[in-house]
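Q: Structure below; questions to follow.
The values are calculated or read from the model by the stated rules, or taken from the named source; none is laboratory data. Remember, predicted model here, so these are calculated numbers, not experimental data. Note that each Cβ is placed from the backbone with ideal geometry, even for glycine, and that neighbours are counted across all protein chains shown.
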Amino acid sequence: MSKFNFVNLIKNAKRMESVMRDELQHLALSGEAGAGAVKVTMTGRHVITTLEIDDEILKEDKQVLIELIIAAINDATSKVEAAMREKMMDAGGMLDMDSLMEGLDENETK
C-alpha cells in the first residue's frame with residue numbers, strides 16, 4: 001500500500017502559488033463602460049493602472065461620469081476575477097496531477 005507524501009504536496013502547492021502570484025501581478029485587463037467612453041486597466045492584483053475618459057463624456061452630468069467610472073472599474077474587476085478563477089482551475093488541475101504523482105512514497109512496495 002502506498003503512502004502519500006504531504007511534504008511534497010505542500011512544496012508543490014507553494015511553488016504553484018508563487019508562479020500564480022507572479023502571473024497575476026503581470027496580468028492587465030481592461031474594463032469599459034458607456035460604449036468605451038470610460039476605460040480602466042487593472043492588474044491581477046486589482047491595481048488600476050490607467051483610466052481613460054473620452055472628452056465627449058466630460059460634457060455630461062457629474063453623476064453620469066461617476067456611474068460610468070464605477071461601471072468600468074466593476075467590469076475590469078469581473079474580468080480579473082474570471083482570469084483568476086481560470087488560473088486557479090488550471091493550477092488546481094496541474095497541482096492535483098503533479099502532486100499526486102510526486103507525492104506517492106517512492107517506497108510504495110515496502
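Q: Condition check: at pLDDT 95 or above, within 25 Å of the chain's Cα centre (by Cα), small (G, A, S) and surrounded by fewer than 13 Cβ atoms within 10 Å (Cβ to Cβ). Does G31 satisfy that?
A: Values: at pLDDT 95 or above: yes; within 25 Å of the chain's Cα centre (by Cα): yes; small (G, A, S): yes; surrounded by fewer than 13 Cβ atoms within 10 Å (Cβ to Cβ): no.
It is false that G31 is at pLDDT 95 or above, within 25 Å of the chain's Cα centre (by Cα), small (G, A, S) and surrounded by fewer than 13 Cβ atoms within 10 Å (Cβ to Cβ).
Q: Of the conditions (1) within 17 Å of the chain's Cα centre (by Cα); (2) loosely packed, with under 14 Cβ neighbours inside 10 Å, F6 fails just one. Which one is it?
A: (1)
Q: Answer with yes or no whether M84 is under 30 Å from I10 (Cβ atoms), of a type in the set (A, V, I, L, M), surrounded by 12 or more Cβ atoms within 10 Å (Cβ to Cβ) and modelled with pLDDT of 70 or more. Let's see the steps before the verdict.
A: Details: under 30 Å from I10 (Cβ atoms): yes; of a type in the set (A, V, I, L, M): yes; surrounded by 12 or more Cβ atoms within 10 Å (Cβ to Cβ): yes; modelled with pLDDT of 70 or more: yes.
Taking the combined requirement at face value, the residue satisfies it.
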